[in-house]
Amino acid sequence: MKETKKYIQAPLPFMGQKRRFLNEFKKALSNYNSESVYVDLFGGSGLLSHTVKKHYPKCQVIYNDYDNYSQRIKNIDKTNSLLSQLRLVLANSPKDKKIEEPYKKQVLSIVKEAQNKGFVDYITLSSSLLFSMKYVLNYEQLSKETMYNCVRLTDYNADGYLDGVTVVCEDYKKLFNQYKDNKNVVFLVDPPYLSTDVGTYKNYWKLKDYLDVLNVLEGTNYFYFTSNKSNIVELCEWISNITNFNPFANATVSTTNNHMNYSSSYTDIMLYKVNYLN
Ligand SMILES: C[S@@+](CC[C@H](N)C(=O)[O-])C[C@H]1O[C@@H](n2cnc3c(N)ncnc32)[C@H](O)[C@@H]1O
């Protein structure tokens, strides 16, 4: 069988993808095995699901595509075609600079036309037209923004990215209930961060939602992702002094440092634990 590409980042922009953790994640996967079912409860861009499937081609991987990222992947040709039209219109608009009239109007008219034909990937479009990290989700929002000519010069490609992965779209609690009694399951648990920008996610996560997720870690095989900004590990240690409940007890911890700019940085944390597998 033809060997397909191993992606080291999601093929289309996705905020919060676990790109910087892939090496540590792959190393940790060797503690698990290829016969297990891997359930990616908060699949996001599907990068963890893809990575597991590439690591253990025989295993079953369930990718919970809550944001419908796979629809963006399916429509990648439409996105490439839209971007190539924008490149033509912006040929005389300086690269990385503000898009002035009449070009902005022309950009919006092309986007509107694409929308009338059925599909526009506004998140991907945002990374070509808006200031870094800024995202919109529809035409109305886009039309109000200041635009910059950051249109990507090459086509996006996602060939083979979700091959062999089962795509579902459920609330994580429902999906967890379907698999929780199977001892051969490994849960990948990467919930929305509590204290970071959740602008492109469907729901805003309150503390209660964040704490609820801890229920999926009790007595299961898991990978859990968080950051030092959430203080969740410290909170659980503190609570365990009173209640004896600490889902992170005896978990292995791995961290990476992320520098946002010269003065601020944070630490991403991955905790994993094998409760049942041999
Ligand atoms: C931090 S991201 C996951 C990133 C992913 N691991 C990756 O590498 O791309 C968290 C994801 O959980 C999704 N989400 C939010 N509420 C959810 C729910 N109730 N059930 C399942 N997923 C949910 C968000 O929309 C977002 O895609």
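Annotations
- Boolean, residue 36 is away from the ligand (no atom under 13 Å from the Cβ) and surrounded by 20 or more Cβ atoms within 10 Å (Cβ to Cβ): yes
- Failed condition for residue 161, given (1) within 13 Å of the ligand (Cβ to nearest atom); (2) open to solvent by 60 Å² or more (accessible area, probe 1.4 Å); (3) not hydrophobic (A, V, I, L, M, F, W, C): (2)
- Only one of 111, 189 that is away from the ligand (no atom under 14 Å from the Cβ), buried (at least 19 other Cβ atoms within 10 Å of the Cβ) and of a type outside the set (Ser, Thr, Tyr): 111
- Some residue of the stretch 117-124 being polar (S, T, N, Q) and touching a residue at least 60 places away in the same chain (Cβ under 8 Å): yes
- Among the residues making up the stretch 2-32, those that are small (Gly, Ala, Ser), in contact (Cβ under 8 Å) with a residue 12 or more places away in the chain and in a loop (DSSP other than H, G, I, E, B) are 10, 16.
- Members of the stretch 119-134 that are closer than 19 Å to residue 70 by Cβ and either acidic (Asp, Glu) or open to solvent by 60 Å² or more (accessible area, probe 1.4 Å) (or both): 121
- Residues in the stretch 225-267 that are modelled with pLDDT of 90 or more and touching a helix residue (DSSP H, G or I) at 6+ places or on another chain (Cβ under 6 Å): 226, 246, 247, 248, 254.
- Cβ pairs under 9 Å, 6+ apart, first in the stretch 159-177 and more than 26 Å from residue 76 (Cα to Cα), second open to solvent by 20 Å² or more (accessible area, probe 1.4 Å): 172/42; 172/66; 173/212; 173/215; 175/168; 176/215
- Considering the stretch 39-75, and only residues there that are aliphatic (A, V, I, L, M) and more than 8 Å from the ligand (Cβ to nearest atom), the residue that is most open to solvent (accessible area, probe 1.4 Å) turns out to be 73.
- Any hit, the stretch 147-162, residues being in a helix (DSSP H, G or I) and either among the aliphatic types (A, V, I, L, M) or out of contact with any Cys (no Cβ under 8 Å at 6 or more places or on another chain) (or both): no
- Test for residue 167: is it modelled with pLDDT of 95 or more, touching an Asp or Glu at 6+ places or on another chain (Cβ under 6 Å) and part of a strand (DSSP E or B): yes
- Restricting 154, 124 to residues that are modelled with pLDDT of 95 or more, among the polar types (S, T, N, Q) and within 16 Å of the ligand (Cβ to nearest atom) narrows the list to 124.
- Out of 138, 149, 182, one residue alone is away from the ligand (no atom under 16 Å from the Cβ), of a type in the set (S, T, N, Q) and open to solvent by less than 40 Å² (accessible area, probe 1.4 Å). It is 149.
The values are calculated or read from the model by the stated rules, or taken from the named source; none is laboratory data. Just so it is clear, the model here is predicted, and its values are computed rather than measured. Cβ: placed from backbone, ideal geometry, glycine included. Neighbour counts: every protein chain shown. The accessibility values were calculated without ligands, DNA or RNA, using every heavy atom of the protein model including side chains. Shrake-Rupley method; radii C 1.70, N 1.55, O 1.52, S 1.80 Å.
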